[in-house]
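The values are calculated or read from the model by the stated rules, or taken from the named source; none is laboratory data. Keep in mind it's a predicted model, so treat the numbers as computed, not measured. FYI the Cβ positions are ideal-geometry reconstructions off the backbone, even for glycines, and counts take in every protein chain you see.
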């Protein structure tokens, strides 16, 4: 056979072999692309904008067509035609789901541009939550390791919900807190005898662990506990949804109702359906079955509804602190850090110039700052559910568990930053850390922990990464602790977060040292300082809107009695019975009224279950915590005040 013919035959055989091999490889690549959401849309679905079908039909020219749509979407946004821009953005995300900037544009348009064109807080929240869901449930699914999408989602939680840029931010906070109170259940109550940072983290780890360990399918749950199947049938027989988020909401609400001070009234007015599900939820026969079913349901809701990983939530709790997922900054931290970790899997020396970690790392840093400022969250879910017309109590106070975290991550975030380096005399991260620690020192001092505050100040003075551009730094930190704190307060009295820290820190000192310790002088001194600082802050820095109504930057209630009462009501349930009784006994009557209903929900079940409980020792709840005079009038006053504020807010948003 001629050599040329032999070469042709060999080439044909190799060609067919490669074609056959490509078939196997192509099938595997297609399957992998489908699993990882890497494929583009090839068919239009019902409800899609017409541009989707047109883009698919254009085949290889799809990219050019998408560029035209993108330009047009930006033009519509600039013209104020936000709804039309949403439709075009939806078409682009269908045609090119791995285009992160369009997901960010689409979510921003809904959460910022469209939301403020609506008339009520609930309408605004609808658009804000849609923007959050778009990134969380779709954008990140298609771009699981992209930093842009994760950063934008973290920003929505941190700026739109947690910050005070939007007039309706308080409504957003309440809705998010209620949603996650139902999704995960109430977070663990602090243990007064074991309240160090490590002990609190361990408490929150134990809270999340059953969700992490829960089976991923219902058959596995039933196999582990056959009683769950009977429980599910009983729930369905009562015409309640036995699965998903509605189950979590129903169980949370009936537990709240049963434990509330107004349960006798609710029981008398409730229908049989509500009473039957309440009885089933509290049936001791199904106690373990309920625990197993709820853990499974929470895991499924987290993974399917929120696209979140319970194991990652647990890891971040172990790393950063006792994360309360009702707080927007906990979510900002989760998505910001997840975005950094995802990008690190694609980062190497060759492409290092294409990765700017600084803005996403800042989301993590700012989240930690917010958790330190307001992470100790007290939210009256019970009042929100039992009285829908009343604005519930929501107060975030500083949480010292997050003070060490900034310093622990400072080295990592600085190393990832393209703009930071050993050769630079100034670092924005170092400057932020110093301001953070000054606030923390001042707060610890205001709580009466003078020696700890002084040690923290001395450690800051020898901070190894300190910036070199401040000639006054050494002299400023060389002051004694009393002068240092006084100077810091005078320098930053206009800051809303500083006002919150100063006032709540002094109130905590008044309650814990003054009332619990029985020191009248400390109580009066700390209360006086808190009231004076509260008044000074409102006089100098309160920003009112044009109508003179509620200022959106108000971290503190305008009424000092409301601030003091709410802090008192938040602290007493944290204490053991004897310490709570001591504080309650020493407190003025007007402060007792704020705490009474909280104490009923926290401690009355303990007294009712007296048998074998050494904490009670034959005492009755009413003897330990007698009801203050004028409680009905007090409740009416609070209802009127909150209702009036709610009407003012709704009027301002129209």
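Taking first residues from segment 158-174 that are crowded, with 21+ Cβ neighbours inside 10 Å and partners that are at pLDDT 95 or above and in a loop (DSSP other than H, G, I, E, B), the Cβ contacts under 8 Å between residues at least 6 apart in sequence or on separate chains come to 162/327. Contact annotation: residue pairs with Cβ atoms under 6 Å, 6 or more positions apart or on different chains, pairing a residue in segment 562-580 that is closer than 14 Å to residue 593 by Cβ with a partner that is modelled with pLDDT under 80 and buried (at least 19 other Cβ atoms within 10 Å of the Cβ), are 566/393; 566/395. Just one residue in the set 264, 284 is surrounded by fewer than 14 Cβ atoms within 10 Å (Cβ to Cβ), at pLDDT below 85, out of contact with any strand residue (DSSP E or B) (no Cβ under 8 Å at 6 or more places or on another chain) and more than 24 Å from residue 175 (Cβ to Cβ); that residue is 264. Listed conditions (1) assigned by TED's automatic domain parsing to the domain that holds residue 281; (2) more than 23 Å from residue 129 (Cα to Cα) are all met by residue 372, apart from (1). Per the conditions (1) in contact with a helix residue (DSSP H, G or I) (Cβ under 9 Å, 6 or more places away or on another chain); (2) under 30 Å from residue 416 (Cα atoms); (3) part of a helix (DSSP H, G or I), the sole criterion not satisfied by residue 293 is (2). Being surrounded by fewer than 17 Cβ atoms within 10 Å (Cβ to Cβ), at pLDDT 75 or above and assigned to a helix (DSSP H, G or I) is true of residue 539.
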